[in-house]
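Working notes, structure below.
The values are calculated or read from the model by the stated rules, or taken from the named source; none is laboratory data. Here the structure is a predicted model, which means the values were calculated and not measured. All Cβ positions, glycine included, derive from the backbone under ideal geometry; neighbour counts span all protein chains shown. Calculation scope for accessible area: heavy atoms of the full protein, side chains included, ligands and nucleic acids excluded. Shrake-Rupley method; radii C 1.70, N 1.55, O 1.52, S 1.80 Å.
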Amino acid sequence: MAAPGDMEPLCPLSLELLPTDPLLLILSFLDYRDLVSCCYLNRRLNQLSNHDPLWKRHCKKYWLISEEEKSRRNQKWKTIFISTYSDLGRYIRYYATLKKAWDDLEKYLGQWCPRMIGSLKESVREEDLDAVEAQIRCKLPDDYRCSFRIHNGQKLVVPGLMGSMALSNHYRSEDLLDIDTAAGGFQQRLGLKQCLPLTFCIHTGLSQYMALESVEGRNKYEIFYQCSDQMARNPSAIVMFITGTSYLEWFTSYVNKVVTGGYPIIRDQIFRYVHDKDCVATTEDITVSVSTSFLPELSSVHPPHYFFTYRIRIEMSKDALPEKACQLDSRYWRITNAKGDVEEVQGPGVVGEFPIISPGRVYEYTSCTTFSTTSGYMEGYYTFHCLYYKERFFNVTIPRFHMVCPTFKVSTA
């Protein structure tokens with residue numbers, strides 16, 4: 001046996017000697033940046049990093065490139081990744097999220113609001129966005145720019161992509177502005193300094209704005225509705241109802257609400273009524289559910305006047321017996337504001353109608369209310385009489401539903 005001092009030293013482990021498959025497995029866990037870095041370490045890693053299947057995951061993760069798209073391009077995965085990165089690389093944090101949102105929205109609109117698809121505009125080029133920044137002398141956030149690389153908003157048409165709202169004498173439908181129209185509405189006036197409009201309603205003139213700088217009490221990239229402060233002496237004093245903290249959050253949360261059925265489709269339009277799934281009450285065979293919406297264009301903070309609209313759905317089970325058919329006679333409301341003040345309202349019918357409910361039939365109507373506080377709730381009941389047993393009257397519960405004004409702040413202009 002050789003003495004310990006006589007043993008030959010072990011040879012250092014070399015990448016050249018390691019089998020290929022384990023190395024490829026290790027490389028498959030690397031992000032695209034690290035995979036690129038490996039190309040510059042040595043010849044072996046350079047060869048392995050060029051293994052095309054390694055780039056498939058990155059193409060799908062960051063650019064949403066499908067197998068069909070790859071076949072159409074007739075290019076390798078790495079080539080597709082690099083060419084796409086050279087065009088959209090600055091948006092790699094946002095592109096997949098926004099592209100998926102746009103794809104989901106288009107698919108949904110194609111099924112439920114097909115005429116809205118035709119109002120969407122094609123994407124714009126990087127130089128177009130750079131020109132807008134030069135025009136307004138302000139930087140646009142990358143998530144906002146990224147969205148325009150997918151779709152350049154929509155044409156000024158009705159219905160608007162960003163939702164509608166209608167009452168008997170009031171209608172709002174918000175278009176998502178293209179980049180040139182948005183730049184034309186860029187504000188430098190006191191109260192809205194360095195604010196860019198994202199949406200516009202041709203009926204009310206209402207817009208949602210994005211703050212491009214942290215001025216006048218706003219956070220950078222905050223999105224809001226603006227309304228005038230009617231009690232301020234300065235006409236530039238405004239109140240801002242906050243609707244988002246960034247473009248990415250604002251747009252994707254809206255799209256998610258749309259495509260998951262959170263907003264109802266009425267007359268081929270997206271109506272921005274919010275329904276609380278717990279806000280449902282069933283009395284015998286009749287179910288009442290409520291959805292609500294805040295209307296900033298009809299609201300005021302000074303003086304306090306918060307305007308809400310609600311949509312009520314009354315439905316009789318299709319399994320109910322035919323003799324359960326009935327007619328609504330009257331309504332009773334108990335309205336409570338945030339201070340605990342209570343108002344009771346009772347009257348015939350609903351919105352001037354006395355609907356008949358029979359098995360499987362649905363009746364819906366819209367009404368509104370105002371509060372002097374930022375929140376409040378309503379509850380009550382409808383009184384019905386049976387059509388087959390006219391002497392029989394019964395009450396149907398209206399579930400309690402809450403209405404809350406969005407967060408707001410006053411401009412410090």
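Just a few scattered comments:
- Percent accessible area from carbon and sulfur atoms, the chain, protein chains only, probe 1.4 Å: 52
- Label corresponding to Cα extents along the principal axes in Å when calculated from the structure given, among [x] 83, 54, 46; [y] 110, 60, 50; [z] 77, 53, 41: [y]
- Gyration tensor verdict on segment 19-91 (Cα atoms; rounded if a/c is under 1.5, prolate if a/b is larger than b/c, oblate otherwise): prolate
- Taken as Cα centroids, segment 305-319 and segment 331-383 sit 9 Å apart, rounded to the nearest whole angstrom.
- Taking N as the residue count of segment 115-208, its C-alpha radius of gyration divided by 2.2 N^0.38 Å amounts to 1.13.
- All Cα pairs of segment 96-260, percent lying beyond 22 Å: 43
- Using alpha-carbon coordinates, inclination of helix 126-136 to the longest axis of the chain, degrees: 60
- Rounded tilt (10° steps) of 53-63 against the dominant C-alpha axis of the chain: 30
- Loop trypsin sites (Lys or Arg not before Pro), segment 182-223, which have at most 13 other Cβ atoms in a 10 Å radius of their Cβ (DSSP): 189
- Value of [θ]222 nm, deg cm²/dmol, for the chain, DSSP H segments ≥ 4, -39500 (n - 2.57) each, nearest 500: -7500 deg cm²/dmol
- 19 Å Cα-Cα threshold exceeded, pairs from 76/121; 324/390; 121/220; 60/257; 61/257; 100/155: 76/121; 121/220; 60/257; 61/257; 100/155
- Per DSSP, loop trypsin sites (Lys or Arg not before Pro) in segment 300-401 with at most 16 further Cβ within 10 Å: 318, 339, 361, 390, 392
- Fully extended contour minus Cα-Cα distance, from residue 30 to residue 219, at 0.36 nm per residue: 64.4 nm
- Reach of residue 339 by Cα under 28 Å, taken over lysines that are not fewer than 8 positions away in the same chain: 277, 409
- The Cα center of segment 17-63 and the Cα center of segment 141-188 differ in position by 42 Å.
- Rg in Å to one decimal, and Dmax rounded to a whole Å, for segment 274-406 via C-alpha atoms: 15.9, 53
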